[in-house]
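Written out below as structure tokens is the structure these notes cover.
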Amino acid sequence: MVKASAPGKCILFGEHAVVYGQPAVACSINQRIIVELEEETKFDSWRLDGAILNLSKHPHIRFLRDNLWPEGQNPPLKIRIRGTLPPASGLGSSAALSVALVAALQQLRQEELNPGIAGSLSHQAEAFAQGGRASPIDTTTSALGGFIVLSDTIERSLNHIGERTLQNQDDSTTWQLHSFESKIPEDTYLVIGNTGIRGSTSKQVSKVAALLSEEPERQVEIEAIGSIARKGIKALRTGNMELVGKAMTENHIVLRSLGVSSPELERLIKAAAPSSLGVKLTGSGGGGCMIALTKDPERTVGAIEMEGGRAFISPFNTPGVRIETLSSQDNSRQ
Ligand code: PMV
């Protein structure tokens with residue numbers, strides 16, 4: 001048996017504005033997806049958690065299988081998925097699943113773990129699963145861990161780690177990827193609060209597009225998010241947590257004004273604010289999750305849960321994809 005895991009992510013700054021070329025910053029969180037793989041000896045197909053793998057329900061798994069082996073030459077496998085990352089909540093669970101699966105497949109094929117390849121292959125798998133469109137922020141953050149900045153242009157002050165291009169039928173999109181080192185004090189945490197409501201990324205993106213086409217002057221808000229994101233990155237790099245928190249709250253105010261918050265998100269944000277340095281929605285909004293930057297994480301979790309949200313604490317700089325060692329329990333299951 002082989003076992004690999006990969007983290008989820010949250011967006012700290014820049015969601016929505018990134019669609020219009022502004023920078024966005026994501027960081028890995030300590031909630032992970034774990035993938036276990038074993039060669040299947042009883043059946044000749046791939047099985048997922050004990051049942052025959054339904055390829056139309058898991059197009060990204062299909063993409064990875066078909067890309068890693070020549071047609072029809074893949075060995076039968078048993079896949080088991082576990083983890084603590086809630087699905088469909090904007091925390092990158094499908095990206096983390098793809099990244100962990102590529103790492104486990106690399107190990108099964110006796111190849112060395114290659115987070116760069118795991119990230120780029122998973123990005124292609126996500127794009128395949130989402131009808132040709134997916135930004136590489138979730139897959140890159142999950143593969144590499146830490147802080148990842150996505151932008152239309154190369155940001156000179158950051159560590160440029162590469163570019164990704166997606167070719168569609170009639171156009172192509174290129175993103176520049178960057179990382180940076182941060183000086184975050186160890187006593188500062190992220191608390192992630194989940195409304196439990198599924199937001200639809202495409203619906204929220206269309207809502208902002210409609211607003212900008214009806215009121216083109218609102219483009220200044222997109223640019224405002226871009227400058228807040230740049231300010232936020234600078235504060236993260238120098239470890240000025242008060243400034244990071246302030247920038248997060250400012251970013252949220254602009255997102256709310258663009259219409260992508262929701263009453264449920266606002267309730268959790270209001271509850272978390274008194275014990276936090278900064279609060280905002282994360283991801284596409286309309287539901288999904290909010291984040292709080294805090295030095296008193298237990299109090300923030302309590303406040304969010306009092307308002308009916310589910311909350312968990314994550315430190316910063318959690319590792320990207322990794323191979324997990326097998327426990328004695330795993331060995332006895334083999
Ligand atoms: O909720 P998520 O993690 O899918 O975040 C979407 C981020 C957007 O900027 C709203 C859309 C995008 O493609 O970047």
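Of note:
- Of residues in the range 107-140 being farther than 15 Å from Ser94 by Cβ and touching a residue at least 40 places away in the same chain (Cβ under 8 Å), the one most open to solvent (accessible area, probe 1.4 Å): Arg109
- Any hit, the range 74-85, residues being in the same structural domain as Gly14 (by TED's automatic domain parsing) and within 16 Å of the ligand (Cβ to nearest atom): yes
Listed here are the residues, each with its yes/no results for (1) free of Cβ contacts under 8 Å to residues at least 24 places away in the same chain; (2) not polar (S, T, N, Q).
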site: Cys10; (1), (2): no, yes
site: Ala17; (1), (2): no, yes
site: Cys27; (1), (2): no, yes
site: Gln31; (1), (2): no, no
site: Glu36; (1), (2): no, yes
site: Glu39; (1), (2): no, yes
site: Lys42; (1), (2): yes, yes
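- Count - residues of the range 284-315 that are of a type in the set (S, T, N, Q) and either in the same structural domain as Ala24 (by TED's automatic domain parsing) or within 16 Å of the ligand (Cβ to nearest atom) (or both): 2
- Qualifying residues in the range 132-186 (those that are aromatic (Phe, Trp, Tyr) and more than 12 Å from the chain's Cα centre (by Cα)) - the one nearest to the ligand (Cβ to nearest atom): Trp175
- Check on Phe13, of a type in the set (Phe, Trp, Tyr), open to solvent by 30 Å² or more (accessible area, probe 1.4 Å) and in the same structural domain as Ala134 (by TED's automatic domain parsing): no
- With respect to the conditions (1) without any contact (Cβ under 8 Å) to a residue 40 or more places away in the chain; (2) basic (Lys, Arg); (3) under 21 Å from Val321 (Cβ atoms), Arg156 lacks only one, and its number is (3).
- Leu281 aliphatic (A, V, I, L, M), closer than 30 Å to Lys42 by Cα and either open to solvent by less than 60 Å² (accessible area, probe 1.4 Å) or away from the ligand (no atom under 16 Å from the Cβ) (or both): no
- Whichever residue in the range 237-268 is away from the ligand (no atom under 16 Å from the Cβ) and surrounded by 24 or more Cβ atoms within 10 Å (Cβ to Cβ) and, among such residues, is nearest to Glu221 (Cα to Cα): Ala247
- For Val191, the conditions (1) among the hydrophobic types (A, V, I, L, M, F, W, C); (2) more than 27 Å from Glu155 (Cα to Cα); (3) within 16 Å of the ligand (Cβ to nearest atom) all hold with the exception of (3).
- In the set (1) in contact (Cβ under 8 Å) with a residue 12 or more places away in the chain; (2) over 12 Å from His178 (Cβ atoms); (3) open to solvent by 20 Å² or more (accessible area, probe 1.4 Å), Ala143 fails one condition alone, (3).
- Candidate set from the range 21-69 (those that are over 20 Å from the mean Cα position of the chain (by Cα) and of a type in the set (Ser, Thr, Tyr)); member that is least open to solvent (accessible area, probe 1.4 Å): Ser45
- Gln169 falls short on exactly one of the conditions (1) open to solvent by 50 Å² or more (accessible area, probe 1.4 Å); (2) in the same structural domain as Gly287 (by TED's automatic domain parsing); (3) out of contact with any helix residue (DSSP H, G or I) (no Cβ under 6 Å at 6 or more places or on another chain), and that condition is (2).
The values are calculated or read from the model by the stated rules, or taken from the named source; none is laboratory data. As the structure is a computational prediction, the values presented were derived from the model and not from experiment. Backbone-built Cβ (ideal geometry, glycine too); neighbour counts: all protein chains shown. Surface accessibility is based on the protein's heavy atoms, side chains included, excluding ligands, DNA and RNA. Shrake-Rupley method; radii C 1.70, N 1.55, O 1.52, S 1.80 Å.
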